[in-house]
């Protein structure tokens with residue numbers, strides 16, 4: 001898909017952060033965009049700021065009925081969906097696996113993993129049936145999809161699942177002879193100042209963390225702690241990242257990642273450790289912040 005003009009795009013988690021960057025990039029290209037987000041107030045604020053053919057639907061991606069309702073509204077309004085960005089995501093506090101809680105796993109995996117599954121199941125059959133060219137872009141993370149940060153076991157495992165789901169989806173879409181393709185989007189290029197740092201604001205009360213934890217640092221606090229520990233963090237502009245993502249769709253790249261060539265060395269090292277029956281994580285590479 002080279003031209004996005006008049007194409008219908010759906011972006012989950014599109015009211016802020018990476019999702020909002022993707023929405024702006026799509027609108028600049030003349031696409032018709034439906035923004036799905038769980039935060040009604042943030043969605044309204046975002047819609048007031050966006051310029052172009054854009055509408056919004058309050059959507060909880062962890063709820064299959066909510067995502068199905070989103071798809072119903074998209075098809076009732078536009079009659080099609082050409083670009084599906086399964087982008088919504090949340091994170092749990094950093095902790096040892098034995099110090100995580102059941103609700104950490106339930107919440108993060110319902111949003112990050114099942115949110116992607118719900119998007120695929122509600123939209124892809126209709127996209128295939130249309131016979132038109134289409135693309136599904138699932139947001140993962142290098143933390144899990146390529147090499148997990150050990151203290152982010154809940155988040156990393158969810159993103160590893162998204163990577164495998166997307167790999168299977170991409171193979172199936174091609175082998176079944178559909179006119180759809182899939183891409184795995186790894187937000188990259190540097191530190192990302194997004195709402196993922198404050199996702200507890202959307203955590204349902206019935207999935208509240210059972211064990212109190214220290215406050216999650218803001219992105220600025222984390223960058224400052226990293227600097228004190230000798231790590232200088234580079235921030236990636238989110239609009240530039242979004243433009244890069246659209247270029248990846250245009251070029252039908254399965255992996256959309258700034259500096260993707262660097263992943264080869266990481267994955268090769270991990271594969272070699274597997275081959276030696278060793279722990280794949282290099283303990284010496286874990287930052288001490």
Restricting the first residue to the range 264-289 and requiring it to be farther than 30 Å from residue 224 by Cα, which pairs with a second residue that is at pLDDT 95 or above and surrounded by fewer than 13 Cβ atoms within 10 Å (Cβ to Cβ) meet a Cβ separation below 8 Å and a spacing of at least six or different chains?
-> 273/279
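Tell me the residue from 57, 67 that is under 20 Å from the mean Cα position of the chain (by Cα) and not in a helix (DSSP H, G or I), please.
On the way: 67 fails: not in a helix (DSSP H, G or I).
Being under 20 Å from the mean Cα position of the chain (by Cα) and not in a helix (DSSP H, G or I) holds for just one of 57, 67, which is 57.
Among the residues of the range 271-289, is there at least one that is surrounded by 12 or more Cβ atoms within 10 Å (Cβ to Cβ) and within 21 Å of the chain's Cα centre (by Cα)? Break it down into steps so the answer makes sense when it comes.
Looking only at the range 271-289, we keep the residues that are surrounded by 12 or more Cβ atoms within 10 Å (Cβ to Cβ), and these are 273, 280-282, 289.
Among the residues that remain, those that are also within 21 Å of the chain's Cα centre (by Cα) are: none.
The answer is no; no qualifying residue exists.
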Could we say that residue 190 is touching a strand residue (DSSP E or B) at 6+ places or on another chain (Cβ under 8 Å) and at positive phi here?
-> yes
How many residues does the range 199-216 contain that are within 25 Å of residue 60 (Cα to Cα) and surrounded by 13 or more Cβ atoms within 10 Å (Cβ to Cβ)?
-> 8
Where a residue in the range 42-60 is without any contact (Cβ under 8 Å) to a residue 40 or more places away in the chain and at positive phi and its partner, wherever it lies, is surrounded by 14 or more Cβ atoms within 10 Å (Cβ to Cβ) and assigned to a helix (DSSP H, G or I), with Cβ under 7 Å and at least six apart = 52/27
For the range 180-202, does any single residue satisfy the condition of being part of a loop (DSSP other than H, G, I, E, B) and over 16 Å from the mean Cα position of the chain (by Cα)?
-> no
With respect to the numbered conditions (1) touching a strand residue (DSSP E or B) at 6+ places or on another chain (Cβ under 7 Å); (2) touching a residue at least 40 places away in the same chain (Cβ under 8 Å), which one is the sole condition not fulfilled by residue 163?
-> (2)
Evaluation of residue 245 against (1) in a helix (DSSP H, G or I); (2) closer than 17 Å to residue 152 by Cβ; (3) touching a strand residue (DSSP E or B) at 6+ places or on another chain (Cβ under 6 Å) (one fails), failing number = (2)
Has the range 84-107 got any residue that is touching a strand residue (DSSP E or B) at 6+ places or on another chain (Cβ under 7 Å) and in a helix (DSSP H, G or I)?
-> no
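This table checks each residue for (1) in a helix (DSSP H, G or I); (2) surrounded by 22 or more Cβ atoms within 10 Å (Cβ to Cβ).
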residue: 1; (1), (2): no, no
residue: 5; (1), (2): no, no
residue: 15; (1), (2): no, yes
residue: 20; (1), (2): yes, yes
residue: 26; (1), (2): yes, yes
residue: 30; (1), (2): no, no
residue: 41; (1), (2): yes, no
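The values are calculated or read from the model by the stated rules, or taken from the named source; none is laboratory data. It should be emphasised that the depicted structure is a prediction, and the values quoted were computed from it without experimental measurement. Reconstructed Cβ throughout: ideal geometry from the backbone, glycine too, with neighbour counts over all protein chains shown.
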